[in-house]
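Comments concern the structure below.
The values are calculated or read from the model by the stated rules, or taken from the named source; none is laboratory data. Keep in mind the model is a prediction, meaning the values are calculated, not measured. Cβ atoms come from the backbone with ideal geometry, glycine included; neighbour counts cover every protein chain shown. Side chains are part of the model used for accessible areas, which takes the heavy atoms of the whole protein and leaves out ligands, DNA and RNA. Shrake-Rupley method; radii C 1.70, N 1.55, O 1.52, S 1.80 Å.
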Amino acid sequence: MLSRIWSELRYRFRALVRHADIDRELRDELAFHLAREAEKHRRGGASSEEATRRAALAFGGVDRIAEETRDARGVTLLQHVMQDLLYAVRGLRTHPVFAGGVIATLALGVGVNTAMFGILDRTLFRAPAGMIDPGSVNRVYVASSGPNGKRAIEMQLEYPRIADLARWSRTTDATASFAYRGMAVGDGRDTRELVVAIVSASYFSFFRVAPVLGRFFDASEDQPPSGTAVAIISNGYWRARFGGSANAIGARILVGQRSYTIIGVTPAGFEGVSEQRHPSVFVPVTAHASTVDSSFYRTYHWSGLEMLVRRKPGISVTALDADLSAALTRSWNAQRAIEPGQTSVDAARPEVIAGPVQLARGPLAGPEARVAMLVGSVALIVLLVACANVANLLLARTLRRRRELAVRRALGGTRARLIQQMLSETSLLTALGTVVGLMSAELTAGMLRRTVTRFTDDASVLTDMRTLVFALTIMVVTTLLAGVVPALSAGSDDLADSLKAGAREGTYRHSRARVALLLLQTTLSTTLLVGAGLFIRSLRQVRAVPLGYDVTPIAYIEASSRGPHATARQVLDLESRLVAGAVAIPGVERATPVISVPFWSTERAPIFVPGVDSADRLGRFLIQAASPDYFATVGTRIVRGRGLTSADRAGARPVAVVSEAMATTLWHSDDPIGKCFRIGSDTMPCTTVVGVAENVRARVASLGGGMDLIYYLPIEQYVASNGPPPMLALFARVHGRADDYAERLRARLQPLMPAPVYLTVRPFHDIVDPTMQSWAAGAKMFVLFGVLALALAAVGLYAVIAFAVAQRTQEIGVRIALGARARDVLALIVGHGIRVTLAGLATGVLIALAAGRAIAPLLFHVSPRDPLVYGIVAATLMVVGVAASLIPAMRASRVDANLALRAE
Amino acid sequence: MTDDKLDLPQGTLDLLILKALSLEPQHGWAISERIQQVSRAALQIPQGSLYPALHRLERRGWVRAEWGASDNNRRAKYYELTRAGRKQLEAEADQWQRLTTAVRLVLDMS
């Protein structure tokens, strides 16, 4: 066995290094054979020429035998590949337009897919970097039924709940908890709101990671009641803030209201389970929680921690679910023992759902994840269209080269050899296309990422192994998809006919393969365009939903304080200072303090209405408390009665303005003005309705359906009975777009604030837009990909028709000679294009109708069978189809019959 | 092609070549001549397959090639069985015997 391998290696090596010698030897050997054979015939009495002829006849083609012998030697594969590649390079250099077209088409397909894959993988599906055995790690979700019987899934858990689950479960090896908060970090003017990771000491043990400096948390530093004020900073923050100096260890850092000692620095690239939230500082859970709620570890009030568990070896997810659910039931009862208001286990039926670490794969994945998946498959369709196009171009090229191919076969090229050569050429093209595609993906990934997801980091495509492997896979698949049919047709046996028939450039035939490819392209473009149309309509619908307030000119100003909690008086004082400061800025029209922000943070309290039995059953009654300027600031109209006035101060009669929906919900057709309701408890004084405001939508849930029930209170009265408001925040109305004012507002208002208060200002649409993100992303991506696919299909149609016209020049010449007019020729050619387009359109529409049901949940108030969308798509496709075939048709109609026939 | 010539069953060409070389080194033409003679012209090596087969055997290390002078003093490439080739010949011949015996048994079955 060994000797055989050795012989083989030696032989191959010699053959590879000295193939010129070996070729000469082979020729000598064959020549010798022929000579001996001829000699035999001569001895048999044949003449010299006759003998040579007979010998040659018996032998067959020397070249072919030489070729087959070379193949038998087995070393030729590499040689052939080199030879083929050189040949392909030469061939492509003489057809730069063809080569450029194919490479550009492939680059488009590969680039779009690589970029999409990178985004989807990185932002949604990849396990967190550095996590040890992510397959055995689960995120814990808790499902339970609320008082109304509705099942809800929650992933933000309470500290004691997590402790209970960890203590009472038998299937877990380790547990960790974490939360992310935007918090004030640093002091004085350097204060910035940064993402802070609040993590249990065990958190880092889930990762194969070591601090570049210092150490991670010790379990003893994360114990109730108040933990130890130690912090770990991220590598990025360390470099930015401490210039990468070792002095960072031991330095003190203000995070929120507590000062921490820095004990460690994470390595570059460590993000934890961050879901793209890039924390700058890590602090122990207990150290942070104690600043928010001193009883956080005893009561089940403070929630917001997410939980990770690592299963013991051999434990299935189902077993984990069951075990954790049992622990949860115990925990539920433990909670009920100290909080009798808690629903019973029987009513709530709490259970644990263990999901994958990645949020996007869990039960709470948002619509973005589904839209992103959809967009990913759409990108694949673009690749398919690109493949079809390339296959078509290659087929056309093969046909144009029939003569060359036929000659090569006649000269002894075997079928396999020709196919191999065609595939080499395709591989070269796809490789070049992939390289160009990767480069364009690198350039456009950031833009795509911002479009599809909310995430904005620009990670490189080229340095990511998974993405590169994906690109390589795509390349191989593309080569096979686009190259096999043309290659087979190059090796087909009827090639010899094209020599016999004496055709110069091959005869024209309707190639079934090419028409099929064209159909595929048209079908896929139709489907994509329908998708684009549906998402555009959804986006328009959702944008057209009247919110009941303005968004674009509104700036949202939030003041956070790290000092002691301010008193109600202080808050009102700061707010009036901010309002005065804001309206003093040119271009700022009005401003008002608020206590809740639509889509961001809403406030509720139980209400009691005389004559209405348990009003809270009727819906969620939201509170907004603001100054009399509120309605003018946000643009909500008062439809009955009056708005709030400066006379509605603390101590005066409590008044409220209610939304139309709230008025009809509570009092039906009665006049709501003068009605009374009580806020908080039924012993509170009456709040009198003085006005009705137009309906608003303030929650994502109400975007699709009904109106929110909301009432507006004078902020002074609200504060007088409730104490300090939940947030110190303002809305300011500017002239123009709020984007242009955000930084100016911050710069002018910050100096008005006492030291521990820092401001964040952002345009209100930054808060509202993400709620429409999935439709916006869907619309953008479908439009982008749909247009790409349509462009590719148009080019494909044009190429095929133009090629057919070139092939049929003689036939058209004959037709013209026989009396066909220009418009007959035009009709003939365009008719061909239209037939293909119509057929593709029909199948595309059928597929789109069938797929419609799947994307219906992702749409907004648009039927997946929206006739307008289908109509526009059909019209677009027909226009493009006609245009693409008209250009070559015009050329055909100008064929000079004389010239065409003379060329025969 | 005349009718009394047999088509070579798949895989027997290698066996025939090895056998033809078992007595003494030969060049390609002589190999085909010898097989034709010994088989009383019943077997004719398809000349197109001979050289690919020889080179395949050489690659496998069953034959070794050397240039030498032929009987009429021309340079010719002589093939010679290697030790591995001899073993291979025995194995293949044995297998062939067993196969033909078995086939005969089946055909003689009455």
request  = Would you mind calculating the relative contact order of chain A from Cα pairs under 8 angstrom and at least 6 residues apart, reporting the percent as a whole number?
outcome  = 14
ask   = Taking only the alpha-carbon positions of segment A:47-150 and ignoring solvent, what does the Debye formula give for the base-10 log of I(q)/I(0) at q = 0.15, 0.18, 0.22 Å⁻¹?
value = -0.96, -1.02, -1.14
request  = First compute the accessible area of the protein assembly as shown with a 1.4 Å probe, then give the percent of it belonging to carbon and sulfur atoms.
outcome  = 58
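Report the calculated FRET efficiency for residue A:887 and residue A:90 (r = Cβ-Cβ distance, R0 = 30 Å), to the nearest 0.05. Kindly include the intermediate steps, with their values, before the conclusion.
Working: r = 30 Å, r/R0 = 1.01.
It comes out at approximately 0.50.
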query = Short version: ³J(HN,Hα) in whole Hz for each residue of segment A:536-548, in order, from phi by Karplus 6.51 cos²θ - 1.76 cosθ + 1.60 (θ = phi - 60°), x for Gly and Pro, what are they?
reply = 4, 4, 4, 4, 5, 4, 6, 5, 7, 4, x, 7, x
task = Would you mind giving the mean number of other chain beta-carbons within 10 Å of the Cβ of each residue in B:68-81, as a whole number?
result = 2
ask   = Quick one: helix A:76-94 against the long Cα principal axis of chain A, what's the angle to the nearest 10°, folded into 0 to 90?
value = 80
task = With label points built 7 Å along Cα→Cβ from the Cα atoms of residue A:349 and residue A:645, find their separation and express it in nm.
result = 5.5
inquiry  = How large is the accessible surface of residue A:40 in square angstrom, using a 1.4 angstrom probe and rounding to the nearest 10?
reply    = 60
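Would you mind giving the mean number of other chain beta-carbons within 10 Å of the Cβ of each residue in B:53-60, as a whole number?
Working: counts 3, 3, 13, 5, 1, 4, 11, 5.
Per-residue shielding by partner chains comes out at 6.
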ask   = Going by a ≥ b ≥ c, the root eigenvalues of the Cα gyration tensor, does segment A:554-766 fall in the rounded group (a/c under 1.5), the prolate group (a/b larger than b/c) or the oblate group?
value = prolate
ask   = In whole Å, what is the distance between the alpha-carbon centres of segment A:613-653 and segment B:59-88?
value = 106
query = Accessible surface of residue A:213 in the full protein assembly, 1.4 angstrom probe, to the nearest 10 Å²?
reply = 40
inquiry  = Nearest 100 Å² is fine: what is the total accessible surface buried where chains A and B meet, probe 1.4 Å?
reply    = 2400
remark   = Cys in the protein assembly as shown lacking any partner Cβ under 4.7 Å -> A:387
Cα gyration tensor, the protein assembly as shown - rounded (a/c under 1.5), prolate or oblate = prolate
task = Answer rounded, prolate or oblate for segment A:647-750, using the Cα gyration tensor with square roots of eigenvalues a ≥ b ≥ c: rounded when a/c is under 1.5, else prolate when a/b is larger than b/c, else oblate.
result = oblate
remark   = Filtered pair list for the protein assembly as shown (Lys only, Cα < 20 Å, 8 or more apart or interchain) has a length of 5
inquiry  = Compute, for chain A, the length of the dipole vector about the Cα centre, with Cβ point charges of +1 (Lys, Arg) and -1 (Asp, Glu) only. Units Debye, rounded to 20.
reply    = 2380
task = Just reorder A:707, A:727, A:475 by solvent-accessible area, largest first, 1.4 Å probe, all chains present.
result = A:707, A:475, A:727
query = With the dipole of the protein assembly as shown worked out from charges on the C-beta (+1 for Lys and Arg, -1 for Asp and Glu) around the Cα centre, which of A:683, A:286, A:855 lies farthest toward the positive end?
reply = A:855
10 Å Cβ neighbours from other chains, averaged over peptide A:34-41 = 3
Counted charge near residue A:556, where neighbours are those whose Cβ lies closer than 13 Å (Asp, Glu -1; Lys, Arg +1) = -2
